[in-house]
Amino acid sequence: MKKKVLSSLLALTLAIGALSGCGNSNAGNDSAGSDGAANESAAQAGTESETGEEGQSAEEPASETAAETGADFSGVSITMLNTKSEIQPQLEAAAEEWGALTGATLEVYTIGGDSSPAKEIGSRYAANNAPTLVMGDPQDVSDFCEEYGADLSGESWAANGGTKYGIMKGDVLYSFPFCIEARGLIYNRTAIEEILGEAWDPASVTNMDDLAALFERLAQAGMELPVALNMEDWSIAGHYLTQMYEEQDGTLATTEKFMEDLKAGTVDLTENVRFNAMLETFELLMEYNSNKSDPLAADYDMNAADLAEGEVAFWFNGNWAWAEISDYIEDGTELGLMSVVQNDTTGNANVNTYLCGGATKQVMIDKECNDEQQQAAAKNFLDWLVNSEAGQNVLVTECSLVPAISTITQEATNPLARSVQQYAAEGKLFDQPSNYPGDHWATVGAIMQKYLAGEETREEFAKELQDYWTGLN
Amino acid sequence: MNRIKSSITNNIGIFLVFAGPAVLAFLAVIIIPFIYGIYLTFTSWDGISRNKPFVGMANYVSVIKDGPFWSSLGLTVFYVIIAVLTVNAVAFALALLVSGKIKGSNFFRAGFFTPNLIGGIILGYIWQFIFKNILVSIGDTLNIAFLQKSWLSSSALAFAALIVVTIWQYSGYMMLIYIAGLTGVSEDVREAALIDGCTGSQVTRYIIIPLMRSSFTICIFLSITRCFMVYDLNLALTEGGPFGSTTMAAMYVYQKAFSSKQYGVGQTEAIILFLITAVIAVTQTMISKSKEVEA
């Protein structure tokens, strides 16, 4: 009797296993909705002859709006994972607008603060229910785009910044660079000029000595600690320290080679010019840090408020910080971004005039769980964002982003974004690699926090950093 | 023969009607994922790819060599010991207090229980604000040296902060179970003891506590398992910081699986964490069960 129950339970288990097995074979039908189980080749033929979307964008790359001129995706429903949760409402509105033009439905969803993009994407693929448009961090997208991503090399925007900022594997472009972000020292020009009582030009600061002299003048004029430094691991290790890799000579190839050498253990960081120069400047910032008494208790929002209100003059961060700064800032305050200036420029003469930055969010189109028609619709949505005035408006004005595609010429809406836009237009951005180890910011962040708290010397920090890299093997 | 057969089918039918849905749900959300999880420990899956290369015991070998994992596990054990003792001591004391004849005992019960209704993440952020801003400004105004720096920026104090918040979070819940235990001890036994000449504290020590051992069993079991798996509080309050010194095992496992993209290794560590927790919890339950008495 007992055996019977047991065996029927086992049978049940098998049955469930079999069911979930079947799920794999008709993946994507859930999200495909109307289309049912159309097989791949049929769908492919269908899309190309029915909509002609591909052909159209190839023929007239600059056409005002591919979407308005006839692409019809009635009944197609697609989804988009948005990992920039601050622009969720704007993207939802954009999805509706695009949907009204094409007849398709685009559902944009985002993730909460307690989940990471990588985890979300992983669980979606495990459930065979990946979104059509997958927005992720560069290193995540780089990890899986060859397996899951659609080839975007033929898109209208590929030549205008797509291949420069998007993720390439060999000759194939796998992602749409959603926005450019760059990091550096944010300055509050208004506050500096008020304290000094004279006009101040950020271009006058050409190396670390200039910066130190300026700090000293500010301190004497009454702003004793003119710098705000974050304590978050992503800020100090993910953003500050990584400049050291990216500025070795400013080319992506050298950066990647440098990381390989670090892994192989052939680099002595204490001898490395950029490491020392970068940390020398960091030590200067630490000395004038407004959170100096307890650097690890620094509060991100307080830093933003201090900079906006002119309590401090400098804050190491990036243009995304506008979201917080704008809560506190008064009209007419002039802000901008400048390089983290260094004294020793051996090996890279541009370090004091360039910013480190690149496309920080990449949008991939999934080809595993979404059929050809859904992929075509997704491509059309990206095309609409880039080529229609309404779409450009969404990116630049509504979301306050710096677009990576050069044909979008609208001027950015906030001073930090304008700053980055200018650096990008002048070609003064050092590329960032998309293959940092996933735990770099967290693990190295913990090490660097010790250094920031003054519990570790530069040599000890260098040693631990080298150990981290060699430990990756 | 036929009758036996039909009674078996009958029995299966009855079993499926009553227990079927629960068994099905249990299988689907616990057993199958668990078995699948064990299978994943033998692969070097990155968490996203379709390929799950089979690597045999390699993950177990690399876990054994993973020093930071063992130190986070050691820290977790230390945390569990302190947290379980203090949470239960505080909870029992509170239970004794609010089950006495004091005014507004229902109000106090509700008050002590409320923290448990707040999710760990939110609770973590609230306390982060208290430790980072409120205590610091109190320390500044009153010139109390050990409050002037944020607790969260020193590793020993950040750990203490975790303990404090854990007590705050769980003791109300455990208190409720202890109250149930206290009220379950019949008034007759108590009175008999008093008539026999026991003092109030002797009644508690020799009569009430032995009779409500099952409450202790439950509370210690719950607090052990919950504290071993602490994650949300850890994440929201200290984020493993300062400099990674308060990273508990569950958080380390999460980072391994999802930040370092070594899902196989992370899963292996999760299984080890599960085994340790299970062995400790089951041993504890067996020992305390054997000491339970009935009136």
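Taking the Cα centre of segment B:66-290 as reference, the dipole from Cβ charges on Lys and Arg (+1) and Asp and Glu (-1) amounts to some 120 debye.
Just checking the output field for A:118-131: average partner chain Cβ neighbours within 10 Å of each residue's Cβ?
On the way: counts 7, 6, 1, 2, 9, 3, 1, 4, 5, 0, 1, 0, 1, 0.
Mean partner-chain Cβ count within 10 Å for A:118-131: 3.
Per-residue Karplus couplings for segment A:182-195, computed as 6.51 cos²θ - 1.76 cosθ + 1.60 with θ equal to phi - 60°, are listed in order as 9, 10, x, 8, 7, 10, 10, 4, 4, 5, 4, 5, 5, 5 Hz, Gly and Pro entered as x. Between residue B:189 and residue B:163, the simple label model (points 7 Å from Cα in the Cβ direction) yields a spacing of 3.3 nm.
For segment A:286-400, which whole percent of the accessible surface, found with a 1.4 angstrom probe, sits on carbon and sulfur atoms? Don't skip to the answer; put the middle values down first.
On the way: 1390 of 3650 Å².
C and S atoms contribute 38 percent here.
Among B:226, B:50, B:213, whose mean-square fluctuation peaks in a Gaussian network model of chain B (Cα, cutoff 10 Å)? Answer for the Gaussian network model of chain B: B:50.
Taking 0.36 nm per residue of separation and subtracting the Cα-Cα distance, full extension of the segment from residue B:205 to residue B:31 would add 58.4 nm. Using the Kirkwood formula on the Cα atoms of the protein assembly as shown, what hydrodynamic radius do you get, in angstrom to one decimal? Computed over the protein assembly as shown, the radius equals 29.9 Å. Each of B:153, B:237, B:108 was placed along the dipole of segment B:66-290 (beta-carbon charges, centred on the mean Cα), and the one lying farthest toward the positive end is B:108. Measuring nothing but how far apart in sequence close Cα pairs (under 8 Å, 6+ apart) lie, relative to its length, segment B:66-290 scores a relative contact order of 29 percent.
Ranked highest first by the average count of other Cβ atoms within 10 Å around their residues, in what order do B:24-30, A:179-185 fall? Mind dumping the intermediate values first?
On the way: B:24-30: 12.4, A:179-185: 24.9.
Per-residue mean Cβ counts within 10 Å order the peptides as A:179-185, B:24-30.
Legend: mean number of C-beta atoms from other chains within 10 angstrom of residue C-beta atoms, peptide B:48-57, equals 3.
First measure r as the distance between the Cβ atoms of residue A:411 and residue A:353, then evaluate 1/(1 + (r/R0)^6) with R0 = 30 Å and state the FRET efficiency to the nearest 0.05. After rounding to 0.05, the efficiency reads 0.85. Couplings for segment A:248-263, taken from phi via the Karplus curve 6.51 cos²θ - 1.76 cosθ + 1.60 with θ = phi - 60°, read 3, 9, x, 9, 5, 4, 5, 4, 5, 5, 4, 5, 4, 5, 4, 4 Hz in order; Gly and Pro are left as x. Accessible-area loss of 20 Å² or more (1.4 Å probe, protein heavy atoms, chain alone versus all protein chains) is found in segment A:422-440 for A:438, A:439.
Bridgeable lysines around residue A:379 (alpha carbons under 18 Å apart, same-chain partners fewer than 8 residues away excluded): A:361, A:367. Taking only the Cα atoms of segment B:66-290, the ratio Rg/Rh comes out at 1.04, with Rh defined as the Kirkwood radius. Here the dipole of segment B:120-253 is about 300 debye; that uses its Cα centre as origin and unit charges on the Cβ of Lys and Arg (positive) and Asp and Glu (negative).
Counting only other chains, what is the mean number of Cβ atoms within 10 angstrom of the Cβ of each residue in peptide B:34-41? Mind dumping the intermediate values first?
On the way: counts 0, 2, 3, 0, 0, 0, 0, 0.
Across the residues of B:34-41, the mean count of other-chain Cβ atoms within 10 Å is 1.
Once divided by 2.2 N^0.38 Å, the Cα radius of gyration of segment B:31-119 becomes 1.86. Here segment B:66-290 exposes an accessible surface that is 70 percent carbon and sulfur, computed with a 1.4 Å probe and the other protein chains kept in place. Remark on segment A:406-463: Rg and Dmax equal 17.8, 49 Å (Cα only). Working note: 222 nm ellipticity from helices only, DSSP H runs with n ≥ 4, each -39,500 (n - 2.57), summed and divided by the residues of the protein assembly as shown, gives -16500 deg cm²/dmol to the nearest 500.
By how many nm would the segment from residue B:108 to residue B:140 lengthen if fully extended, with 0.36 nm per residue of separation less the alpha-carbon distance? Don't jump to the answer; show the numbers that get you there.
Values: separation 32, 0.36 × 32 = 11.52 nm, distance 3.18 nm.
Net length gain for the segment: 8.3 nm.
Interface area, chains B and A: about 2800 Å² of buried accessible surface, summed, with a 1.4 Å probe and ligands, DNA and RNA left out.
Quick check: residue separation of residue B:278 and residue B:50 times 0.36 nm, minus the Cα distance between them. What number comes out in nm? Before the final figure, lay out each step's value.
On the way: separation 228, 0.36 × 228 = 82.08 nm, distance 3.14 nm.
Working it through step by step, the gained length comes to 78.9 nm.
Annotation: the antiparallel percentage among DSSP beta bridges lying fully within the protein assembly as shown is about 65. For segment B:135-183, the solvent-accessible area with a 1.4 angstrom probe is 43 square angstrom per residue. Would you check chain B for Lys pairs whose C-alpha atoms are within less than 19 Å, ignoring same-chain pairs closer than 8 in sequence, and give me the count? Qualifying lysine pairs in chain B: 5. For chain B, modelled as a GNM whose springs connect Cα atoms under 10 angstrom apart, the maximal fluctuation among B:266, B:197, B:139 occurs at B:197.
The contact residues of segment B:123-149, meaning those that lose at least 20 Å² of 1.4 Å-probe accessible area when all protein chains sit together rather than their chain alone, are B:132, B:133, B:149. Over all Cα atoms in segment A:65-189, the spread is summed up by Rg and Dmax: 16.1, 52 Å. If you run the Gaussian network model on chain B, springs between alpha carbon atoms under 10 Å, then out of B:208, B:14, B:276 the most flexible one is B:14.
Packing order of peptides A:439-450, A:261-272, A:406-417, A:300-311, highest average first: A:439-450, A:300-311, A:406-417, A:261-272 (average count of other Cβ atoms within 10 Å over each peptide's residues). When each of the peptides B:107-120, A:424-437, A:161-174 is scored by the mean number of other C-beta atoms lying within 10 Å of its residues, the order from highest to lowest reads A:161-174, A:424-437, B:107-120.
The values are calculated or read from the model by the stated rules, or taken from the named source; none is laboratory data. Since this is a predicted model, take the numbers as computed values, not measurements. Neighbour counts run over all protein chains shown; Cβ positions are idealised from the backbone, glycine included. Surface areas here come from the heavy atoms of the whole protein model, side chains and all, with no ligands, DNA or RNA. Shrake-Rupley method; radii C 1.70, N 1.55, O 1.52, S 1.80 Å.
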